[in-house]
Amino acid sequence: MNMDDMLCELNPEQREAVKTINGPLLVLAGAGTGKTRVITYRIAYMVQSGIAPESILGLTFTNKAAREMRARLTQLVGQEQARKVYLGTFHAFCVRLLRREIKQLHYLPSFTIADESDQTGLIKQAAAEVGYTSKQISVNEISNYISARKNRLQFPRDAKRIADNAKLEILAHIYGQYQELLEMQNMLDFDDMLLLTYDLFTRFPESLERCRDRYHYLLVDEYQDTNDAQFTLIQMLAGKSGNLCVVGDDDQSIYGWRGAKIDNIINFASHFNKVKKVKLEQNYRSTNKILHVANMVINANQNRHAKNLWSALGDGENIMILRSENAEKETDFIAAYIAQEVGTNQQLRYDDFAVLYRSNYLSRQLELSLRKQNIPYRLVGGQEFFKRKEIKDAVAYLRLLVNPTNNQDFLRILGVPPRGLGNKAINMLKVANASSHIPMIELLGKQEFLKQLPKKAATEAERLHQLFYHFQKIFSSPGMLAKKTADFLDAVGYRSGLQKIYRDISDATKRRENVDEFINAITQFENRATQPQMLSNYLDNYALMEENDRVEEKNNDSSAVTLTTIHAAKGLEFPRVFVMALEKNIFPHERALRENGLEEERRLFYVALTRARERLMLSYCARRMHQGQNKNQLPSDFLSTLPGEHIDFYQPEDLLKSVSTNELSAQIQEILVSIRS
């Protein structure tokens, strides 16, 4: 696409954002205002203006966003130019950099990225070594503490220095021990990717200069979600040139509970010199009544950049508020209504509908109701394919090939399938490892260790050791990863051994099929790559997958209702949206109010409202089961803030009888007064 045609497709504000290339630029992109289009067109405009594509660094928060941007950019400038632009998540960028330069921090480039189960195991071990059990201090509390310290760029030494009470001193001590265990096994956790990149840039300024020399133009998507560490890295990378474009929406900042700092976008102009601000307010997704309600809700927040979304799509229908007697009737109605709508309107499909909720537990009753109606659904954020045990076991085998010092993976695979190496052998390995610091997989090849084992166990141990080092050589060359993986898992007896692990034949068969599908996923990864890949490349891709990248299908029907928390729905849109369980202490959430305040909960409600294109339905019930008892519920305070002229109130049975809006409109103000009181 040539430059003139490209600019003609944009509205005036979008054009201004696209054509502003130099200096710091803040693009305030309201919900549905074409943010991704602006980002990709801006990159295309830069490339067509003569800027080298390899000098552009685009940082996103999700792999999905990066893929979508690259696909659109390819359409605009062609595949060859598009692939030269770096588009990826913060963590993917940091991992790529650390693979090249982490030796300076005394790690090996073959480091492993710890997953959640690795972290849990290491935290338990660290706490035990310091002298505490999970009964005295929970793994979750320690994990949250460590993550918060790392997101604030605080190393164990910093945490110990600022600890001002006994509890924090204990946590800081465990943090230090945990970090030592990670380093001993050449592992990085998720937060280390940012922390160690900062450490690299600070201690070795030449590394930072190399990045600045390569990337002259920096673009950050979803800037409202940046934490302290990401903000600092952005400042460092932007450097003296200050050619920084950040795109985001403070009204959609909903991740404060995991470290995101809304102040980064609110105060952007105070952090950089001569900032230009462009505001995108024309919405291309929703009707004006939906937007008017969303604007009214979010205008109650004080800490924000003022915006007023509008649409050229017309006024649309009023928002519906639905009151049910109890939770079962609420979800039964939602299911029956969807079935009725799809059954009577040939233009509607199940995937035109989404049901959003504040917390995951609310999906249970909803799933039962949908099953009763034989309605297919997909659950976003449910148990994902890559979190199944047999897949995580297969990944542990592969990670151990790349990083033999990873004793967590070694202990995971040692008994899958069983090899006659029981608790006694494992304890011997732990003792030998603690005294010698020799990786456990390497100890399996030491005669002094093998002599202590029964003959059969020693034979199995030595064979496993030999196979690992044999396949290490095979995987040392790039390409053919899927075939090598299949051969390796067969050689170590994993695929055939699933029958020994899972005695039920049908269960073992299903898990074998899942492992085969995992190998298919490696094939797809290789097919997408432009050149032969190393095993470490695939494992990085696997480790950096996000929950929103994977949607679990609950039915083979390609058209299915989407069920998701509102947090996971960010970035999605649907013609028809239900927001359920809008009740006091559920939404806004009682705990979230204590931790984050009302404004973030209101932003979350705003995100929910702006997922809808054509019809928006807000649901609550009068009674809900809580800890085994039916309790009276009050409507959410959010409902009392909605403008009455755009609201219709229904009892569920009225809608199922297809009662017209006019028949009930006289009740609306009376009901809203009741809700407010």
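The values are calculated or read from the model by the stated rules, or taken from the named source; none is laboratory data. The structure displayed is predicted, hence computed values, not measured ones. Virtual Cβ from ideal backbone geometry, glycine too; neighbours counted across all protein chains shown. Ligands, DNA and RNA are stripped out before the accessible areas are found, and what is left, the full protein with its side chains, is counted by its heavy atoms. Shrake-Rupley method; radii C 1.70, N 1.55, O 1.52, S 1.80 Å.
Among (1) free of Cβ contacts under 8 Å to residues at least 40 places away in the same chain; (2) within 20 Å of Ala148 (Cα to Cα); (3) surrounded by fewer than 18 Cβ atoms within 10 Å (Cβ to Cβ), which single condition is Thr226 missing?
It is condition (3) that Thr226 fails.
Just to be sure I understand, how many residues within the stretch 261-288 are more than 14 Å from Gly248 (Cα to Cα) and either buried (at least 17 other Cβ atoms within 10 Å of the Cβ) or out of contact with any strand residue (DSSP E or B) (no Cβ under 8 Å at 6 or more places or on another chain) (or both)?
10
Just to be sure before I move on: is Val380 hydrophobic (A, V, I, L, M, F, W, C), within 27 Å of Glu517 (Cα to Cα), modelled with pLDDT under 90 and open to solvent by less than 30 Å² (accessible area, probe 1.4 Å) in the structure I sent?
yes
I'm checking my understanding of the structure. Among residues of the stretch 508-537 that are of a type in the set (Val, Ile, Thr) and closer than 12 Å to Leu481 by Cβ, which one is nearest to the chain's Cα centre (by Cα)?
Across the stretch 508-537, the extreme among qualifying residues is Ile522.
Can you go through Gln633, Gln651 and tell me which one is more than 21 Å from Asn295 (Cβ to Cβ) and modelled with pLDDT of 90 or more?
Unique residue meeting the criteria: Gln633.
Among the listed residues Ile426, Ile438, which satisfies the condition of being hydrophobic (A, V, I, L, M, F, W, C), in a helix (DSSP H, G or I) and surrounded by fewer than 20 Cβ atoms within 10 Å (Cβ to Cβ)?
The match here is Ile426.
Would you be able to say whether some residue in the stretch 467-489 is surrounded by 14 or more Cβ atoms within 10 Å (Cβ to Cβ) and in contact with a Gly (Cβ under 6 Å, 6 or more places away or on another chain)?
No, every residue in the stretch 467-489 fails to be surrounded by 14 or more Cβ atoms within 10 Å (Cβ to Cβ) and in contact with a Gly (Cβ under 6 Å, 6 or more places away or on another chain).
Determine the pairs where a residue that is free of Cβ contacts under 8 Å to residues at least 12 places away in the same chain and acidic (Asp, Glu), located within the stretch 617-645, has a partner that is in a loop (DSSP other than H, G, I, E, B) and surrounded by 12 or more Cβ atoms within 10 Å (Cβ to Cβ) with Cβ atoms under 9 Å apart, the partner being 6 or more residues away or on another chain.
Short answer, once both residue conditions are applied: Glu645/Asn318.
Looking at this structure, is Ile137 within 24 Å of Ala260 (Cα to Cα), among the hydrophobic types (A, V, I, L, M, F, W, C) and either in contact with a helix residue (DSSP H, G or I) (Cβ under 9 Å, 6 or more places away or on another chain) or surrounded by fewer than 16 Cβ atoms within 10 Å (Cβ to Cβ) (or both)?
no
Which fully enclosed helices (runs of 4 or more DSSP H) of the stretch 1-104 have 2 or more residues being small (Gly, Ala, Ser) and surrounded by 18 or more Cβ atoms within 10 Å (Cβ to Cβ)? Walk me through how you get there before you give the answer.
Values: elements: 3-8, 12-19, 35-48, 63-77, 79-82, 90-101.
Per the criteria, 63-77.
Only one residue in Arg42, Arg15 is of a type in the set (Lys, Arg), touching a strand residue (DSSP E or B) at 6+ places or on another chain (Cβ under 8 Å) and modelled with pLDDT of 95 or more, so which one is that?
Arg42
Any chance the stretch 487-498 includes a residue that's more than 30 Å from Arg70 (Cβ to Cβ) and of a type in the set (Phe, Trp, Tyr)?
yes
Condition (residue is polar (S, T, N, Q), in a helix (DSSP H, G or I), crowded, with 17+ Cβ neighbours inside 10 Å and at pLDDT 90 or above) applied to the stretch 545-558: is it met by at least one residue?
No.
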